[in-house]
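Peer 1: Pasting a structure below so you can have a look.
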Amino acid sequence: MSDAEKTRQNILDVAADEIHQHGYKATSLSVILERCAISKGALYYHFSSKIELGYAVFEEIYVPTFLNTWQPALAQKDPIEGLCEFFTAMCNNMNCSEVVCGCPLNNLCEEMANVDEGFRLRILAMQEKLNQLIVDSLSKIEASLRPELELDQVAYFIVSAFHGSTSLSKSSRNKELFQKVTSELCRYIRSLKK
């Protein structure tokens, strides 16, 4: 990796952390410059504006990380149990800052979907990718699922309930509430089987 590529990656990593901690709007380019120990010119060499930086953080950091966290669960032979294990592990491994700060991707979606069309379209594309991953995974075991299910709707419901639980834990600062909601979500997911 060249020095320019390393600088760009460092900017993305720092910006992702700042956006997670403070939200996109409150994220300061000055703080990013200071944390990266770079000049304004170096930042603008890689990103022409704060919005371009935000899009890059979303597409290059948040989306791949988010989708990759779901992949192992959905790749299991039984994605129903894979999802439940994923949610349970997330509950057990959630640290205090995650309870307080919430999911970085979910936070950015809530903050920017109604503010910026570029973010809204990127969020929609990411949601469709995740939805398709879940549908594809459940389709592999469709013979063992209730016949009346519309897998596309089921996938959106799973994601919505999960995101809702992360929002609840953030607003209440209550890990136990997150655990209860995800436990109920697992009960629903298991009920998809015949």
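Peer 1: Once the mean 1/r over all distinct Cα pairs of the chain is inverted, what Kirkwood radius in angstroms do you read off?
Peer 2: 18.1 Å
Peer 1: Taking the chain as a Gaussian network, Cα atoms linked when under 10 Å apart, which of E150, E111, E184 shows the biggest mean-square fluctuation?
Peer 2: Looking only at E150, E111, E184, the largest GNM fluctuation is found for E150.
Peer 1: How far, in nm, would the chain grow between A42 and E148 when pulled straight, counting 0.36 nm per residue and subtracting the alpha carbon separation?
Peer 2: My answer for the length gained is 32.6 nm.
Peer 1: Please work out how much length the chain gains when fully extended from N68 to L168, using 0.36 nm per residue of separation minus the C-alpha to C-alpha distance, in nm with one decimal.
Peer 2: 33.7 nm
Peer 1: Counting only pairs 8 or more residues apart or on different chains, how many lysine pairs in the chain have their Cα atoms under 26 Å apart?
Peer 2: The result is 23.
Peer 1: With unit charges on the beta carbon (Lys/Arg positive, Asp/Glu negative), name the residue among I141, S183, S39 whose Cα is farthest towards the positive pole of the charge dipole of the chain.
Peer 2: S183
Peer 1: Within the chain, which whole H helices from DSSP have a Cα span along their axis of at least 30 Å and a mean Kyte-Doolittle hydropathy of -1.0 or more, if any?
Peer 2: Long hydrophobic helices here: 117-139, 151-172.
FYI, it's all coordinate maths here, none of it is from the lab. None of the values given here were measured: they were computed from a predicted structure. Here the Cβ is made from the backbone with ideal geometry for all residues, glycine too, and neighbour counts use every protein chain on show.
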